[in-house]
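For reference, the structure discussed in these notes is given below.
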Amino acid sequence: MLRVPVSIRVFFALIGLGLFAGAAKADCVSACQASTYCDSEMNASGECGRRLNDCYINECNKRHYGALAYDAESGAAGWSYDFDDADGAEQKALSGCHEHGDKCKVVYDFWNSCAALAAAGDGSYAVEHSETQTGAEGKALAACEQNGATNCTIQAWACTGQ
C-alpha cells in the first residue's frame, strides 16, 4: 500500500477547499497549523490530517457578516462588521443609524469584504463593495457621481474579517 505523507495529503486537501485564494485564508491556514498538535503516531494514523481539515473547514470558511444602514433624509448612517449572521449585522447597523435618524433602512448586506456608502446633499447615495476599504470607497464615490450627484462624500464604511 502506498503511504502518502500527511503534509502532501493536507496540501491537496487545501487545494480542494480553495484555501489559497487570499491572504486572510493563508493566515487562517497558518493559525490552524500552529494550533493543531500532531505527533508521529497521529501523523501515521491520519488523525493529524483530519484535525487540520476540521480546523480549515470550521475556521477558514466562516462568513463574517456586516451591514450598512442609512436614512437619506437626515443623513444618519449605521454600520456593523464581524457578525456570525446577517440578522445580527442588520440589527446593529440599524441601531447605530437610529441614534441620529428616524427613517433608517438597511441598504447593504455583505460578508468577508468591505462596503462603503457615498452620499450627496440632495439625498442620493450609492453603496459598493470591494476587498478593501479604499476599493469600496472609490467605487461608492464613482457610483454616486455616475448617478448625477455632485459633492459625494463617504458617509459610512465597514470591513469584515476576511
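Within the range 61-72, is there a residue that is free of Cβ contacts under 8 Å to residues at least 60 places away in the same chain, out of contact with any Phe, Trp or Tyr (no Cβ under 8 Å at 6 or more places or on another chain) and among the small types (Gly, Ala, Ser)? No.
Against the list (1) farther than 23 Å from CYS60 by Cα; (2) among the hydrophobic types (A, V, I, L, M, F, W, C); (3) touching a Ser or Thr at 6+ places or on another chain (Cβ under 6 Å), the condition ALA89 fails is (1). Pairing residues of the range 127-151 that are assigned by TED's automatic domain parsing to the domain that holds SER113 and in a helix (DSSP H, G or I) with residues that are surrounded by fewer than 17 Cβ atoms within 10 Å (Cβ to Cβ) and of a type in the set (Lys, Arg), at Cβ distances under 7 Å and at least 6 apart in sequence or on separate chains, gives no pairs at all. Of the residues in the range 72-83, at least one is assigned by TED's automatic domain parsing to the domain that holds GLY121, acidic (Asp, Glu) and modelled with pLDDT of 85 or more. Per the conditions (1) closer than 20 Å to ALA76 by Cβ; (2) buried (at least 17 other Cβ atoms within 10 Å of the Cβ), the sole criterion not satisfied by CYS114 is (1). Comparison of ARG9, ARG51 shows that the only residue that is at pLDDT 80 or above, over 22 Å from HIS129 (Cβ atoms) and in a helix (DSSP H, G or I) is ARG51. None of ALA93, ALA156 is part of a strand (DSSP E or B) and either without any contact (Cβ under 8 Å) to a residue 40 or more places away in the chain or over 30 Å from ALA34 (Cβ atoms) (or both) except ALA156.
Given the structure, is GLU137 within 12 Å of TRP157 (Cβ to Cβ) and at pLDDT 95 or above? The answer is yes for GLU137. Pairs meeting the criteria (first residue in the range 106-120 and outside any strand (DSSP E or B), second residue basic (Lys, Arg), beta carbons under 7 Å, at least 6 apart or on different chains) are ASN112/ARG63.
The values are calculated or read from the model by the stated rules, or taken from the named source; none is laboratory data. All of these numbers come straight from a predicted model, not from anything done at the bench. Using ideal geometry, Cβ is built from the backbone for each residue, glycine included, and neighbour counts are taken over all protein chains shown.
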